[in-house]
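S.K.: Below are the structure tokens for one structure; questions will follow.
The values are calculated or read from the model by the stated rules, or taken from the named source; none is laboratory data. Worth saying up front: this structure is predicted, and the values here are computed from it rather than measured. Cβ atoms come from the backbone with ideal geometry, glycine included; neighbour counts cover every protein chain shown.
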Amino acid sequence: MSYLLQQVLNALQLGSIYALIALGYTMVYGILTMINFAHGDLFMVGAFLCFLSVVFLKLPFVPTLLASMVGTALLGVTIERLAYKPLRQAPRVSAIITALGVGLFLENFTLALSPYPKHIPSFVPDISWMLGDVSISLLQIVVIACSLVLMVLLDLMVRRTMTGMAMRAISWDKTTAPLMGVPVDLIISMTFAIGTGLGGVAGVLYGLAYPVIDPYMGIMVGWKAFISAVVGGIGNIRGAMIGGYILGAVEILVVAFLPSTYRDFVAFGLLLVLLVFRPHGILGKPTVQKV
Amino acid sequence: MKRAGLVWCICVLVALGAAGCGEKAPSTIRVGVIAELTGDMPAVGESCKKAAQLAVKEMNDTGGVQVGDTRYKVELFIEDNAGKADQSASAAQKLITQQKVLAIIGPNATRYAIPASEIAEGSKVLLITPWSTNPKTTVDARTGAPKKYVFRACFTDPFQGRVLARFAMDGLKARKAAVLYDVASDYNKGIAEFFKATFEQNGGKVVAFETYTTNDRDFSAQLTKIKKAEPDVVFLPNYYSEVPLQIQQARRLAIKAPFLGSDSWGSRELITLCGNDCEGCYFSTHYAPDAAAPAARRFIQAFKTAYGGMPDDVAALTYDSFGLFRQAVSEAGTIDRQAVRDALAKIEKYEGVTGDMQFREGSSDPVKSAVVLRIKDGSFVYFANAHP
């Protein structure tokens with residue numbers, strides 16, 4: 001029983017990080033119908049900003065989180081203005097290629113500045129408690145709590161504020177929303193800022209939990225988070241959160257009960273099966289192409 | 001008229017080009033090095049590069065290498081494989097066809113050494129890998145026969161796995177072992193299996209044999225499973241950027257068993273990334289800087305003077321690779337790829353910085369001793385010797 005509880009805690013921690021990154025993918029897709037493939041690398045930049053604030057500015061946890069969030073958000077908005085805005089009317093493929101290009105640029109730029117994997121000294125005290133046989137660390141609590149709080153705040157923002165309503169309006173009907181007075185460019189920039197800001201927070205939490213960072217760390221994690229977003233229903237915020245936790249849970253529980261070599265095989269197999277039976281994801285709405 | 005003029009121009013250019021491409025007698029010995037300068041193990045590549053440059057500088061400072069009745073200076077070409085298997089292969093190709101090197105030293109990690117060794121074998125160019133310990137590097141995958149042009153300067157993993165399993169049983173008094181290794185990487189997988197085989201042959205039990213894939217960062221599920229199995233020792237034959245995460249996550253889960261490593265732990269970066277969590281761990285490697293023989297001490301001093309830090313096992317083995325190469329070139333008497341390879345194959349015994357190497361019956365894998373080091377007070381300390 002305690003073994004299962006321990007694994008559930010592990011799954012919650014991993015799932016929280018996937019969920020935060022998946023939110024970035026889903027928000028951008030919802031509003032622009034474009035997959036921001038550079039998002040995994042923005043997450044990596046968030047982790048490096050965390051490294052810079054902890055090692056050079058010696059900031060404690062909350063200022064590091066804010067600094068990383070703001071830094072990544074600014075970078076996200078800049079990328080949006082420079083790389084994606086000019087391509088809004090272009091074919092979808094061009095935007096995707098540009099996103100991949102931006103991702104490669106971020107990876108290699110960081111590689112040029114920092115070829116060695118870097119270690120982030122711990123900036124949250126390394127305390128753990130034993131509840132019977134289950135070990136809970138402060139780290140795990142911080143990661144899970146931060147993610148949940150931010151996800152709840154995001155959900156509230158999208159459902160209860162004017163900005164959120166504007167975002168939902170644009171994702172519903174991009175041509176009519178500006179006719180109703182919605183400042184489209186501003187809202188798109190804000191969406192990018194929030195989405196990438198959450199990716200930055202995920203970078204900090206990841207750096208906290210797995211303190212060795214390198215320029216290519218965003219690739220695999222980015223893909224997994226993208227898959228979580230698709231499984232949950234791409235474009236749907238609650239879907240992204242659910243998808244993240246599902247992928248985290250499947251990965252951890254497969255290792256917990258089957259030989260660990262089967263992890264990726266079973267995890268992605270299950271997701272494939274899910275998409276076969278529900279192609280638009282768990283909370284996604286089937287889109288009908290009207291001619 | 002215009003067309004005739006164009007044809008004339010093209011003819012002139014071709015003639016000039018052909019004239020420039022004359023076969024000149026080589027005036028230097030060209031050596032290529034393929035190192036992991038960027039990617040997931042840059043500390044390994046950095047050590048290799050520094051040792052290579054030191055070795056070449058020492059050769060050139062004495063006027064070059066004596067080959068027959070001429071002294072040739074050595075020219076070094078360093079390529080980065082960026083921690084990618086395909087780039088290792090293309091680096092080898094570039095060194096062989098463009099830089100026309102006499103031999104290649106490197107790559108170091110097995111998963112990059114194997115692709116490069118296949119290119120070298122196919123092009124009949126000598127390749128010496130300083131650090132790759134997996135047997136597959138010198139064995140042709142298709143025929144099962146040993147490769148003719150690929151040699152190594154280090155011991156192989158069947159020996160290392162035995163050393164570690166025996167150390168775990170006799171030194172750490174362990175009866176139950178758990179292993180966590182990278183299933184996608186030849187080296188980790190190979191040595192994990194050799195360790196398991198010897199450990200179980202000698203009466204021990206491997207209670208957990210868990211895997212992960214390269215670039216994974218979260219090992220909590222596998223470690224929780226390992227904790228449940230209650231091992232006496234946890235074997236982590238993984239590279240220096242992954243081991244600190246594994247040990248930290250294990251300690252957070254309150255795993256009390258000691259950790260055992262293999263020669264992939266040898267880089268000083270391990271301590272930088274690990275901090276205090278690695279205190280008291282043991283691992284096997286190729287040489288111990290603090291218990292070195294006189295030949296080794298000269299090298300260590302030269303390295304310290306040139307670069308400021310202590311040379312690690314990769315540096316020492318790279319230096320030995322160059323030593324082997326130099327002896328082969330001198331004994332070959334000519335700068336010919338085949339002759340140098342044949343001369344290297346004839347070497348039976350070589351005394352290097354990393355100890356005595358014996359090449360038996362023309363095998364390209366030397367028989368050497370290993371050392372077990374302990375991590376104490378943030379540095380690597382000699383613990384024991386293990387002879388073949």
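S.K.: Suppose we keep only residues that are surrounded by 15 or more Cβ atoms within 10 Å (Cβ to Cβ) and of a type in the set (S, T, N, Q) within region B:364-388. Which one would you say is farthest from B:R326 (Cα to Cα)? Break it down stepwise before answering.
M.R.: Here is the first cut: in region B:364-388, the residues surrounded by 15 or more Cβ atoms within 10 Å (Cβ to Cβ) are B:364-375, B:380, B:382-384, B:386.
This time we only want the ones that are of a type in the set (S, T, N, Q), so: B:364, B:369.
Working: B:S364: 16, B:S369: 23 Å.
It comes out as B:S369.
S.K.: Which count do you get for residues in region B:345-378 that are within 25 Å of B:R166 (Cβ to Cβ) and among the hydroxyl-bearing types (S, T, Y)?
M.R.: Total meeting the criteria: 3.
S.K.: Out of the residues in region B:33-77 that are among the hydroxyl-bearing types (S, T, Y) and under 30 Å from A:M217 (Cβ atoms), state the one that is modelled with the lowest pLDDT. Give the steps one after another, and end with the answer.
M.R.: Here is the first cut: in region B:33-77, the residues among the hydroxyl-bearing types (S, T, Y) are B:38, B:47, B:62, B:70, B:72.
Of the ones still in play, those that are also under 30 Å from A:M217 (Cβ atoms) are B:38, B:47.
Values: B:T38: 87, B:S47: 94.
Result: B:T38.
S.K.: Regarding region A:239-253, can at least one residue be identified that is within 14 Å of chain B (Cβ to nearest Cβ) and under 21 Å from A:L104 (Cα atoms)? Even if it seems obvious, please write down each step before you answer.
M.R.: Applying the first criterion (within 14 Å of chain B (Cβ to nearest Cβ)) to region A:239-253 yields A:244, A:247-253.
Subsequent filtering for residues that are under 21 Å from A:L104 (Cα atoms) retains none.
Within region A:239-253 (the criterion being within 14 Å of chain B (Cβ to nearest Cβ) and under 21 Å from A:L104 (Cα atoms)), the answer is no, since none of the residues qualifies.
S.K.: Residue under question is B:G45, and the condition is that it be within 14 Å of chain A (Cβ to nearest Cβ), in contact with a Gly (Cβ under 9 Å, 6 or more places away or on another chain), without any contact (Cβ under 8 Å) to a residue 60 or more places away in the chain and among the small types (G, A, S); does it hold? Give the derivation first.
M.R.: Details: within 14 Å of chain A (Cβ to nearest Cβ): yes; in contact with a Gly (Cβ under 9 Å, 6 or more places away or on another chain): yes; without any contact (Cβ under 8 Å) to a residue 60 or more places away in the chain: no; among the small types (G, A, S): yes.
Considered against the rule, which asks whether it is within 14 Å of chain A (Cβ to nearest Cβ), in contact with a Gly (Cβ under 9 Å, 6 or more places away or on another chain), without any contact (Cβ under 8 Å) to a residue 60 or more places away in the chain and among the small types (G, A, S), B:G45 comes out as no.
S.K.: Within region A:194-202, does at least one residue satisfy the condition of being crowded, with 24+ Cβ neighbours inside 10 Å, of a type in the set (A, V, I, L, M, F, W, C) and in contact with a Phe, Trp or Tyr (Cβ under 7 Å, 6 or more places away or on another chain)?
M.R.: yes
S.K.: While we're here: With respect to A:Y18, is the statement that it is touching a Ser or Thr at 6+ places or on another chain (Cβ under 7 Å), touching a residue at least 12 places away in the same chain (Cβ under 8 Å) and within 30 Å of A:L258 (Cβ to Cβ) true? So that I can check it myself, show each step before the final result.
M.R.: Values: touching a Ser or Thr at 6+ places or on another chain (Cβ under 7 Å): yes; touching a residue at least 12 places away in the same chain (Cβ under 8 Å): yes; within 30 Å of A:L258 (Cβ to Cβ): yes.
So A:Y18 passes the test.
S.K.: In region B:263-318, how many residues are within 14 Å of another protein chain (Cβ to nearest Cβ) and among the hydrophobic types (A, V, I, L, M, F, W, C)?
M.R.: Of the residues in that region, 5 qualify.
Matching residues to (1) basic (K, R); (2) surrounded by fewer than 19 Cβ atoms within 10 Å (Cβ to Cβ):
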site: B:S88; (1), (2): no, no
site: B:R111; (1), (2): yes, no
site: B:G122; (1), (2): no, yes
site: B:T138; (1), (2): no, no
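S.K.: Would you mind telling me which numbered condition in (1) within 14 Å of another protein chain (Cβ to nearest Cβ); (2) surrounded by fewer than 19 Cβ atoms within 10 Å (Cβ to Cβ) B:A197 fails?
M.R.: Every condition holds for B:A197 apart from (1).
S.K.: Where residues in region B:285-316 are among the aliphatic types (A, V, I, L, M) and in a loop (DSSP other than H, G, I, E, B), which of them is farthest from B:T354 (Cα to Cα)? Break it down stepwise before answering.
M.R.: Looking only at region B:285-316, we keep the residues that are among the aliphatic types (A, V, I, L, M), and these are B:288, B:291-293, B:295-296, B:300, B:302, B:306, B:310, B:314-316.
Filter again for in a loop (DSSP other than H, G, I, E, B), leaving B:288, B:292-293, B:310.
On the way: B:A288: 8, B:A292: 8, B:A293: 9, B:M310: 14 Å.
So, considering only residues that are among the aliphatic types (A, V, I, L, M) and in a loop (DSSP other than H, G, I, E, B), the one farthest from B:T354 (Cα to Cα) is B:M310.
S.K.: While we're looking at this one, here's another question. If you scan region A:132-162, which residues turn out to be within 14 Å of chain B (Cβ to nearest Cβ), at negative phi and in contact (Cβ under 8 Å) with a residue 24 or more places away in the chain?
M.R.: Keep residues of region A:132-162 that are within 14 Å of chain B (Cβ to nearest Cβ), which gives A:132-144.
Next, from what is left, pick out any that are at negative phi: A:133-144.
If the condition is that a residue be within 14 Å of chain B (Cβ to nearest Cβ), at negative phi and in contact (Cβ under 8 Å) with a residue 24 or more places away in the chain, then A:D133, A:V134, A:S135, A:I136, A:L139, A:Q140, A:V142, A:V143, A:I144 are the ones that fit.
S.K.: Another question, then. When you go through B:R374, B:R341, B:R297, B:R360 one by one, which is the residue that is under 24 Å from B:T28 (Cβ atoms) and of a type outside the set (A, V, I, L, M, F, W, C)? Can you show your working first?
M.R.: Details: B:R374 fails: under 24 Å from B:T28 (Cβ atoms); B:R297 fails: under 24 Å from B:T28 (Cβ atoms); B:R360 fails: under 24 Å from B:T28 (Cβ atoms).
That would be B:R341, the only listed residue that is under 24 Å from B:T28 (Cβ atoms) and of a type outside the set (A, V, I, L, M, F, W, C).
S.K.: Residue by residue through region A:1-51, note down the ones that are touching a strand residue (DSSP E or B) at 6+ places or on another chain (Cβ under 7 Å) and either of a type in the set (F, W, Y) or away from chain B (no Cβ under 14 Å) (or both).
M.R.: Here is the first cut: in region A:1-51, the ones touching a strand residue (DSSP E or B) at 6+ places or on another chain (Cβ under 7 Å) are A:2, A:5-6, A:9, A:47-48, A:51.
If the condition is that a residue be touching a strand residue (DSSP E or B) at 6+ places or on another chain (Cβ under 7 Å) and either of a type in the set (F, W, Y) or away from chain B (no Cβ under 14 Å) (or both), then A:F48, A:F51 are the ones that fit.
S.K.: Can you pull out the residues in region B:333-360 that are outside any helix (DSSP H, G or I) and within 21 Å of B:P146 (Cα to Cα)?
M.R.: Within region B:333-360, the first condition is being outside any helix (DSSP H, G or I), and the residues that meet it are B:333-336, B:347-360.
B:I347, B:E348, B:K349, B:Y350, B:M357, B:Q358, B:F359, B:R360, listed by residue number.
S.K.: Then there is this: Only one residue in B:S321, B:S363, B:S330 is in the same structural domain as B:A43 (by TED's automatic domain parsing), among the hydroxyl-bearing types (S, T, Y) and not in a helix (DSSP H, G or I), so which one is that?
M.R.: On the way: B:S321 fails: not in a helix (DSSP H, G or I); B:S330 fails: not in a helix (DSSP H, G or I).
Going through B:S321, B:S363, B:S330 in turn, just one is in the same structural domain as B:A43 (by TED's automatic domain parsing), among the hydroxyl-bearing types (S, T, Y) and not in a helix (DSSP H, G or I): B:S363.
S.K.: On the basis of being among the small types (G, A, S), more than 14 Å from chain A (Cβ to nearest Cβ) and within 16 Å of B:G261 (Cβ to Cβ), does B:A178 make the cut? Spell out how you get there, then give the answer.
M.R.: Numbers: among the small types (G, A, S): yes; more than 14 Å from chain A (Cβ to nearest Cβ): no; within 16 Å of B:G261 (Cβ to Cβ): yes.
It is false that B:A178 is among the small types (G, A, S), more than 14 Å from chain A (Cβ to nearest Cβ) and within 16 Å of B:G261 (Cβ to Cβ).
S.K.: Out of A:P91, A:P125, report the one residue that is free of Cβ contacts under 8 Å to residues at least 40 places away in the same chain and away from every other protein chain (no Cβ under 14 Å).
M.R.: Numbers: A:P125 fails: away from every other protein chain (no Cβ under 14 Å).
Criteria check complete, one pass: A:P91.
S.K.: Please tell me if B:K73 is away from chain A (no Cβ under 14 Å) and in contact with a helix residue (DSSP H, G or I) (Cβ under 9 Å, 6 or more places away or on another chain).
M.R.: Numbers: away from chain A (no Cβ under 14 Å): yes; in contact with a helix residue (DSSP H, G or I) (Cβ under 9 Å, 6 or more places away or on another chain): yes.
Taking the combined requirement at face value, the residue satisfies it.
S.K.: Would you list the strands (runs of 3 or more DSSP E) that sit entirely within region B:38-143 and hold 3 or more residues that are of a type in the set (A, V, I, L, M) and more than 14 Å from the chain's Cα centre (by Cα)?
M.R.: Working: elements: B:65-67, B:70-80, B:103-105, B:126-129.
Those strands (runs of 3 or more DSSP E) span B:70-80.
S.K.: Kindly indicate the residue of region A:98-114 that is within 12 Å of chain B (Cβ to nearest Cβ) and crowded, with 20+ Cβ neighbours inside 10 Å and also farthest from the chain's Cα centre (by Cα) among those meeting that condition.
M.R.: Here the answer is A:T110.
S.K.: Looking only at helices (runs of 4 or more DSSP H) that lie completely in region B:147-260, which have at least 2 residues being free of Cβ contacts under 8 Å to residues at least 60 places away in the same chain and under 28 Å from the mean Cα position of the chain (by Cα)?
M.R.: B:157-166, B:186-201, B:243-252
S.K.: Do the conditions hold for B:L270, that is, is it assigned to a helix (DSSP H, G or I), within 17 Å of B:Y187 (Cβ to Cβ) and touching a residue at least 12 places away in the same chain (Cβ under 8 Å)?
M.R.: Values: assigned to a helix (DSSP H, G or I): yes; within 17 Å of B:Y187 (Cβ to Cβ): yes; touching a residue at least 12 places away in the same chain (Cβ under 8 Å): yes.
For B:L270, the condition - assigned to a helix (DSSP H, G or I), within 17 Å of B:Y187 (Cβ to Cβ) and touching a residue at least 12 places away in the same chain (Cβ under 8 Å) - is met.
S.K.: I'd like the full set of residues that are closer than 16 Å to B:L317 by Cα and of a type in the set (A, V, I, L, M, F, W, C), limited to region B:345-388. I'd like the intermediate steps shown before the answer.
M.R.: Taking region B:345-388 and keeping what is closer than 16 Å to B:L317 by Cα, we get B:349-359, B:364-371.
Correct list: B:V353, B:M357, B:F359, B:V367, B:A370, B:V371.
S.K.: Being within 14 Å of chain B (Cβ to nearest Cβ), closer than 24 Å to A:L153 by Cα and touching an Asp or Glu at 6+ places or on another chain (Cβ under 9 Å) is the filter here, so list the residues in region A:198-238 that pass it.
M.R.: Of all residues in region A:198-238, those within 14 Å of chain B (Cβ to nearest Cβ) come to A:202-203, A:205-225.
Applying the additional criterion that residues be closer than 24 Å to A:L153 by Cα yields A:202-203, A:205-209, A:221-222, A:224-225.
Of everything in region A:198-238, those that are within 14 Å of chain B (Cβ to nearest Cβ), closer than 24 Å to A:L153 by Cα and touching an Asp or Glu at 6+ places or on another chain (Cβ under 9 Å) turn out to be A:A209, A:G222, A:K224.
S.K.: Another question, if that's okay. Over 30 Å from B:L270 (Cβ atoms), crowded, with 20+ Cβ neighbours inside 10 Å and not charged (D, E, K, R): which single residue out of A:I252, A:I188, A:I213 fits that description?
M.R.: On the way: A:I252 fails: over 30 Å from B:L270 (Cβ atoms); A:I213 fails: over 30 Å from B:L270 (Cβ atoms).
Sole residue among the options that is over 30 Å from B:L270 (Cβ atoms), crowded, with 20+ Cβ neighbours inside 10 Å and not charged (D, E, K, R): A:I188.
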